[in-house]
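FYI, it's all coordinate maths here, none of it is from the lab. As the structure is a computational prediction, the values presented were derived from the model and not from experiment. Every residue, glycine as well, gets a Cβ built from its backbone with ideal geometry; the counts of neighbours run over all protein chains shown.
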Amino acid sequence: MPNDLETTHLPRKTRLAYQDQDTRLTLREGLAEYLASNPDLIDTAQASSTAMAKYFANHDASHVVFGTSTAIEDELVQDIWTLIAIDVRYRDYVGDLMKAKEGLEVAAALPFWGTLQGFLSLLGALPSLVLRARAMPKKWPWAGWEPYLDQPLRETREEFGIRVR
């Protein structure tokens, strides 16, 4: 089964409309663009459980709101965003994934050298991410974000103080 970390289909330099800070797309439209451009993602309808379907829907929505791609560097950045700028506990974010069969698939698909390079580039980005997260007036909701589906992403980002890279 394909997983959320496969990156061969979307080079890092490719930017989609949802990744523009001031895009006029709504979260719903951004999610459609994100999912259409990433056909290898875990299909929430095929997830091993309802909890995992919600987990991946939450994860995908956060990619769109924070303007990150599925390139390994952005996946790592998104993990940091999730841990410092989204209202989810570490054990729920990491633990829930590692308990599911999808977690094993994600871990098995991680390319060693690409992940190592990603971690090294993340070290340089980490201070900026922390400062940007601290400047946010409130954290993005891990669950319960559906009321933002039809609001333009630029308004949502303004409300939460989110600046995309």
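With coordinates expressed along the principal axes, the C-alpha atoms belonging to the range 17-160 extend over 37, 36, 28 Å, beginning with the largest.
Going by C-beta contacts inside 10 Å, put Lys101, Lys54 in order with the fewest on the left.
Numbers: Lys101 12, Lys54 15.
With the fewest neighbours first, Lys101, Lys54 line up as Lys101, Lys54.
If we sort 60-69, 90-99 on the protection proxy, mean other Cβ atoms within 10 Å, highest first, what's the order?
Ranked from most to least packed, the peptides come out as 60-69, 90-99.
Here the contact order of the range 17-160, divided by its residue count and restricted to Cα pairs under 8 Å and six or more residues apart, works out to 38 percent.
Put simply, the amide H of Thr26, placed in the peptide plane, has neighbours under 5 Å in Leu153, leaving out anything fewer than 5 places away on its chain. From most to least packed by mean Cβ count within 10 Å, the peptides 43-49, 32-38 give 32-38, 43-49. Remark on Gly67: its backbone amide H falls under 5 Å from none of the residues 5 or more positions apart or on other chains, H modelled at 1.01 Å from N.
Separation of the range 122-155 from the range 25-74 is 15 Å, based on Cα centroids. A protection proxy built from the mean count of other Cβ atoms within 10 Å ranks the segments 150-160, 72-82, most packed first, as 72-82, 150-160. By other beta-carbon atoms within 10 Å, ranking Arg24, Arg132, Arg163 with the fewest at the front produces Arg24, Arg163, Arg132.
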